[in-house]
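The values are calculated or read from the model by the stated rules, or taken from the named source; none is laboratory data. Since this is a predicted model, take the numbers as computed values, not measurements. Cβ: placed from backbone, ideal geometry, glycine included. Neighbour counts: every protein chain shown.
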Amino acid sequence: MGNDRSAIPAASRKRARRLGWRAVLAGAFVLVALGGLGFKLWEARAIHAAARDAKRLIEAGAFQEAGASLDRWLAARPDDAEARFFAARRAIGLQRFDDGLRGLQSARKLGYPAAAVDREQGLVLARAGRLADAEPILQKLFRQAGATGQRDAEVDEALARCYIETFQLRAAEAVVKQWIVDAPDDARAYYWKADIDRRKTDTTQDVLIAGYEQVVRLDPRHEKGRLALAELYLQTHRYDDAASQYEVVRASRPDDVEALLGLGRVAVERGEDDEAARCFDRAADVAPNDFRPLSERGKLEMKRGRFRPALGFFDRAVALDADEPEVHYQRSLVLTWLGRADEAKKETEETTRLQKQKAEIDAILDDLRKSPKDASIQYAAARWLIEHGHPEEGLRWAEKNVREHPTHAKTHHLLADYYQRRGDAGLANFHKLQAGER
């Protein structure tokens, strides 16, 4: 009787059916909601994982490998300031500097911490060679690090590069000293200290040797430091020490031109002419556009009294670099020995002309070391470089000068003439206006 449906009124059965359907629908809605929540949780975890992987790879320098994870992160969070910041860092790591700088500005606008953006911007501008733009940013970061005690060796290095490449050697020396304090085991800091010391006129060779010896002690793979040390050993007649340093370089780079040239010069000093010839010939083979192996080979033939073969080597060297006074001087000596007096005289005159040019630029560079911010000296450097076949370097100095001294009319005239010759009327007219021409 308990199971007899006839005992349940019809109205009650209808109400129960309605409640049952409502329960079913409510349950379905709950399941859908839970499913949506589950999907969102899964999606959040996937985005978090992509962000974590992208940051880990970028921090490790695996910029190419970070692309897929970073793309997933950006696709899901296109306005995420951190995602934009790491995307900028990846672009910088791949040497897409302009993309990186734009990415940093996007991260800044989206609210990423200004200090982190400033740091990356200063570092990338220095790497990209935009030293005038990088310098004020890095100076600010360097001062802040000193005030807070949170030193940053990468900032030290970048600021030192700005100073060294713009001949601000006193400022560079102070920064490099701080870099050594901040990173006492970093061979690069000691290398730059030695490089600065080498540019000074009052540094003894013993001090330089000690500096480069410290570099290779800290980093035995530092080839530039080892080659500089080998050259100093050679200059101080420590031929065995020089040879051992060059051989270390050759062990990892058998065709390193500097090592081959150095070993050849050591062999000459030891009287091992055949070995010297082998080294110079190999250097000429691996560096066919470098005049130095040919010049050294020519001097070796002169030493042996073989003047015609020597002239052949000097002829080839001059064809590669007609502006090197030493080659013209050596060629004049050979021509004199061969009795070709008129040609020898012309080579002597060319040597004198080129030596005069070299003295001019050396004097300008010396003035730059003393007064690196002086507008007239920077103009003189830019003009000399442009007029003597180094337009790109001259342009860099000229543009630096007008950034620092916007009203320097002579530099604007120089730039106007430069761009006029290149057919860029727009920039030529701009600099004419800046110079006060109408």
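Structure data summary
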{"item": "Which numbered condition P254 misses (of (1) touching a residue at least 12 places away in the same chain (Cβ under 8 Å); (2) closer than 30 Å to A277 by Cα; (3) not in a helix (DSSP H, G or I))", "result": "(1)"}
{"item": "So T148, is it among the hydroxyl-bearing types (S, T, Y), at pLDDT below 95 and over 30 Å from I377 (Cβ atoms)", "result": "yes"}
{"item": "Per-region count, segment 93-141, residues in contact (Cβ under 8 Å) with a residue 24 or more places away in the chain, touching an Asp or Glu at 6+ places or on another chain (Cβ under 7 Å) and among the β-branched types (V, I, T)", "result": "0"}
{"item": "Cβ pairs under 6 Å, 6+ apart, first in segment 190-204 and within 19 Å of Q178 (Cα to Cα), second assigned to a loop (DSSP other than H, G, I, E, B)", "result": "D197/T203"}
{"item": "In segment 106-139, the residues that are more than 22 Å from the chain's Cα centre (by Cα) and either under 27 Å from P406 (Cβ atoms) or part of a helix (DSSP H, G or I) (or both)", "result": "S106, A107, R108, K109, A114, A115"}
{"item": "K373 vs. criteria under 30 Å from K400 (Cα atoms) and touching a residue at least 12 places away in the same chain (Cβ under 8 Å)", "result": "yes"}
{"item": "Check on A251, in the same structural domain as D241 (by TED's automatic domain parsing) and either surrounded by 14 or more Cβ atoms within 10 Å (Cβ to Cβ) or in contact with a helix residue (DSSP H, G or I) (Cβ under 6 Å, 6 or more places away or on another chain) (or both)", "result": "no"}
{"item": "Residue that is farthest from the chain's Cα centre (by Cα) [pool: residues in segment 171-210 that are assigned to a helix (DSSP H, G or I) and small (G, A, S)]", "result": "A210"}
{"item": "Among (1) over 24 Å from Q245 (Cα atoms); (2) of a type in the set (V, I, T); (3) touching a Gly at 6+ places or on another chain (Cβ under 7 Å) - the single one I180 does not satisfy", "result": "(3)"}
{"item": "Segment 293-308: number of residues that are buried (at least 21 other Cβ atoms within 10 Å of the Cβ) and in contact with a Leu (Cβ under 8 Å, 6 or more places away or on another chain)", "result": "4"}
{"item": "Residues of segment 57-68 classified as more than 19 Å from L104 (Cα to Cα) and either part of a helix (DSSP H, G or I) or in contact with a Gly (Cβ under 6 Å, 6 or more places away or on another chain) (or both), total", "result": "1"}
{"item": "So T352, is it of a type in the set (V, I, T) and in the same structural domain as Q434 (by TED's automatic domain parsing)", "result": "no"}
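Conditions tested, residue by residue: (1) in contact with a Ser or Thr (Cβ under 8 Å, 6 or more places away or on another chain); (2) assigned to a helix (DSSP H, G or I); (3) surrounded by fewer than 18 Cβ atoms within 10 Å (Cβ to Cβ).
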| residue | (1), (2), (3) |
| --- | --- |
| R353 | no, yes, yes |
| D367 | no, yes, yes |
| I377 | yes, yes, no |
| R383 | no, yes, no |
| P406 | no, no, yes |
| G436 | no, no, yes |
